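Colleague: What follows is a single structure, and I will ask about it in a moment.
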Amino acid sequence: MEQTRVSNIAAFEGQEVELRGWLYNHRSSGKLHFLQLRDGTGTIQCVVFKGDVSPEVFARCGELTQESSLLVRGLVRRDERSPLGYELGVRDVELVHLAEPYPLAPKEHGVAFLMEHRHLWLRSSRPHATLRVRSEIIKACRDFFDERGFILVDTPIFTPAACEGTSTLFEVKYFEEKAYLTQSGQLYGEAAAMAFGNIYCFGPTFRAEKSKTRRHLTEFWMIEPEMAFCDLQQDMNVAEDLVSYVVGRVLEKRREELKVLERDIDRLEKVTKPFPRITYTEAIEILRRKGTDIEWGADLGGDEETLISEEFTAPVLVHRYPRAMKAFYMKGDPEDERLALCVDMLAPEGYGEIIGGGQREDSLAELERKIAAHQLPPEAFAWYLDLRRFGSVPHAGFGMGIERVVAWLCGLHHVRETIPFPRTLYHMYP
Ligand code: 4AD
Ligand code: MG
């Protein structure tokens, strides 16, 4: 008898198969047991008729508990009433493990309780749908870059220095020395871009974010392309292409999951190129017109980002922020020295910044000056400065936070639901 999974069940209509999974729900009436079996790819109703199975098997089915693991064998039948379109006419049920009373019975639980049980909650329909979308987003990002000839270069997690400001560094003991968990693979990505032309890195990044917001994790995943011979304009084109590719892929492959999540799919269908592009200065004008008293030079926080994104249906690229608030590696705008050649992409519907990046400082003298001005330890950046000594070229890149994109596409209020096991200021369990 063939083993199969619920997602492939249609191919086995009229045949006997073995399914392996967990009991999601269970109801009985006299001569029948209805077992809802989930196997990770879907859920199927398995109908156990007293006349079709041995008396022992029929009796055992009455004693099964939620999340007990089972092997179920039977005949695949078409069933117009079921959402799946098929059910299983059971011939045999083999118990693998009888589960203890399950804490997450199918009823309403608070988020705090669910988070404490995240290791079990993953089995429920919302996290399950969310993480399938996440998996597709990551695949789409990788496909996007692979199809365009970018080389995947893995960057280190233990680093000797800060990339994104010293206030959010996680310090770890590294034998007799100190190291920091990486905040971004960018600096290493720049070295790799000088070796391969176009590269990307993808991995976990860490920020000791002391703020408790719905957009910040202390451990999150970032995909970061870096391109040699690339300016801010071209960088923005790649960011726009990537995001529209990812949205298109999720709409194509994960529509069912978006429905489970009750995502307003129309809003995602409106995400089409070209995306609007505005300068930071124009963003400040929008904010002032909308009644805030923000001054030119101030950073845009979550609330400001939401106000700006409300003006557009697609993500908006905000470029050329004041240099003073930005990282040391950014190139100044030759047309206005107060500005940096940088860009943030803000997702619609108030999901905030999903991408940050820009053109890098390619002059050795300028970079040395900036490292000093940011009071960064020059020894730690000696290797990075070498990149400006040996064939320095204009180059640019960006980082896209996977969790922010998942939150946006799934319509989730908080990023903690977008990653299997979130890490936040107050949360490191399970
Ligand atoms: O804007 P950020 O800090 O940019 C960088 O790290 C650059 N070095 C990237 C580059 O140019 N290669 O972070 C990039 C993105 C943000 O736009 C956001 O999506 C995400 O990373 N991000 C976070 N996501 C979740 N929790 C946090 N604490 C995040 N911090 C940044
Ligand atoms: Mg940023």
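The values are calculated or read from the model by the stated rules, or taken from the named source; none is laboratory data. Please read all numbers here as calculations on a predicted model, not as lab measurements. Don't worry about glycine lacking a Cβ; one is built from the backbone with ideal geometry, like all the others, and counts go over all protein chains shown. Each accessible area value is taken on the protein alone, full model and side chains, heavy atoms only, with ligands, DNA and RNA left out. Shrake-Rupley method; radii C 1.70, N 1.55, O 1.52, S 1.80 Å.
Colleague: Given the condition out of contact with any His (no Cβ under 6 Å at 6 or more places or on another chain), closer than 24 Å to Pro276 by Cβ and not in a loop (DSSP other than H, G, I, E, B), answer yes or no: does some residue in region 373-393 qualify?
Modeller: Checked against the condition, which is being out of contact with any His (no Cβ under 6 Å at 6 or more places or on another chain), closer than 24 Å to Pro276 by Cβ and not in a loop (DSSP other than H, G, I, E, B), region 373-393 yields no hits at all.
Colleague: Are any residues in region 360-369 touching a Gly at 6+ places or on another chain (Cβ under 9 Å) and within 15 Å of ligand 1 (Cβ to nearest atom), and if so, which ones?
Modeller: Arg360, Glu361
Colleague: While we're looking at this one, here's another question. Hey, any hits in region 21-30 for a residue that's within 21 Å of Ala129 (Cβ to Cβ), of a type in the set (S, T, N, Q) and assigned by TED's automatic domain parsing to the domain that holds Arg60?
Modeller: Residues of region 21-30 that are within 21 Å of Ala129 (Cβ to Cβ), as a first pass: 21-25.
In the following step, the residues that additionally are of a type in the set (S, T, N, Q) were identified as 25.
Of the ones still in play, those that are also assigned by TED's automatic domain parsing to the domain that holds Arg60 are 25.
Scanning region 21-30 turns up at least one residue that is within 21 Å of Ala129 (Cβ to Cβ), of a type in the set (S, T, N, Q) and assigned by TED's automatic domain parsing to the domain that holds Arg60.
Colleague: Still on this structure, please answer the following. Kindly evaluate Glu209 against the criterion of being in contact (Cβ under 8 Å) with a residue 60 or more places away in the chain, in a loop (DSSP other than H, G, I, E, B) and among the acidic types (Asp, Glu).
Modeller: On the way: in contact (Cβ under 8 Å) with a residue 60 or more places away in the chain: yes; in a loop (DSSP other than H, G, I, E, B): yes; among the acidic types (Asp, Glu): yes.
Against the criterion (in contact (Cβ under 8 Å) with a residue 60 or more places away in the chain, in a loop (DSSP other than H, G, I, E, B) and among the acidic types (Asp, Glu)), Glu209 qualifies.
Colleague: Moving to a separate point now. Please state which of the following conditions Thr65 fails to meet, knowing it meets all the rest: (1) among the β-branched types (Val, Ile, Thr); (2) assigned to a loop (DSSP other than H, G, I, E, B); (3) not assigned by TED's automatic domain parsing to the domain that holds Asn25.
Modeller: Result: Thr65 fails condition (3) only.
Colleague: Kindly evaluate Ser184 against the criterion of being within 16 Å of ligand 2 (Cβ to nearest atom), open to solvent by less than 20 Å² (accessible area, probe 1.4 Å), outside any strand (DSSP E or B) and in the same structural domain as Asp146 (by TED's automatic domain parsing).
Modeller: Answer is yes for this residue.
Colleague: For region 113-151, give me each residue that is in a loop (DSSP other than H, G, I, E, B) and either within 16 Å of ligand 1 (Cβ to nearest atom) or within 20 Å of the chain's Cα centre (by Cα) (or both).
Modeller: Leu122, Arg123, Ser124, Phe150, listed by residue number.
Colleague: Now for a different question. Against the definition (away from ligand 1 (no atom under 14 Å from the Cβ) and not assigned by TED's automatic domain parsing to the domain that holds Glu269), how does Pro378 come out, yes or no? Quick ask: steps written out before the conclusion?
Modeller: Numbers: away from ligand 1 (no atom under 14 Å from the Cβ): yes; not assigned by TED's automatic domain parsing to the domain that holds Glu269: no.
No, not satisfied.
Colleague: Identify, please: which residue in region 334-352 is touching a Leu at 6+ places or on another chain (Cβ under 6 Å) and not in a loop (DSSP other than H, G, I, E, B) and is, among those, nearest to ligand 1 (Cβ to nearest atom)?
Modeller: Met345
Colleague: Also, I was wondering about something else. Please find, among Lys290, Lys273, the residue that is more than 22 Å from Leu339 (Cα to Cα) and surrounded by 13 or more Cβ atoms within 10 Å (Cβ to Cβ).
Modeller: Result: Lys290 is the single residue among Lys290, Lys273 that is more than 22 Å from Leu339 (Cα to Cα) and surrounded by 13 or more Cβ atoms within 10 Å (Cβ to Cβ).
Colleague: Quick one: is Glu403 acidic (Asp, Glu), out of contact with any Lys or Arg (no Cβ under 7 Å at 6 or more places or on another chain), within 29 Å of Glu269 (Cα to Cα) and at pLDDT 95 or above?
Modeller: Yes; evaluated as a whole, the condition is true for this residue.
Colleague: Ok, one more. Which of the residues belonging to region 227-241 are within 13 Å of Met400 (Cα to Cα) and away from ligand 2 (no atom under 16 Å from the Cβ)? Explain how you work it out, then say what you get.
Modeller: Taking region 227-241 as the starting set, the residues that turn out to be within 13 Å of Met400 (Cα to Cα) are 235-236, 238-241.
Matches in region 227-241: Val238, Glu240, Asp241.
Colleague: Filter region 346-403 down to the residues that are of a type in the set (D, E, K, R), open to solvent by 30 Å² or more (accessible area, probe 1.4 Å) and under 16 Å from Ala162 (Cα atoms), then identify the one that is farthest from ligand 2 (Cβ to nearest atom).
Modeller: Glu379
Colleague: Kindly provide the set of residues from region 6-19 that are touching a residue at least 60 places away in the same chain (Cβ under 8 Å) and either within 20 Å of Arg123 (Cα to Cα) or assigned to a helix (DSSP H, G or I) (or both), ordered by number.
Modeller: Residues satisfying the conditions are Val6, Ile9, Ala10, Phe12, Leu19.
Colleague: Does Arg73 qualify as being outside any loop (DSSP other than H, G, I, E, B), within 17 Å of Arg20 (Cβ to Cβ), modelled with pLDDT of 95 or more and of a type outside the set (A, V, I, L, M, F, W, C)?
Modeller: yes
Colleague: Please determine, by comparing only the residues of region 152-163 that are open to solvent by less than 60 Å² (accessible area, probe 1.4 Å) and in a loop (DSSP other than H, G, I, E, B), which one is nearest to ligand 2 (Cβ to nearest atom).
Modeller: It comes out as Cys163.
Colleague: Also, quick follow-up: Restricting attention to region 90-114, report how many residues are more than 24 Å from Ser28 (Cβ to Cβ) and touching a strand residue (DSSP E or B) at 6+ places or on another chain (Cβ under 7 Å).
Modeller: So the answer is 0.
Colleague: Still on this structure, I have one more. When the residues of region 306-333 are narrowed to those that are more than 26 Å from the chain's Cα centre (by Cα) and in a helix (DSSP H, G or I), which ends up surrounded by the fewest Cβ atoms within 10 Å (Cβ to Cβ)?
Modeller: Ala324
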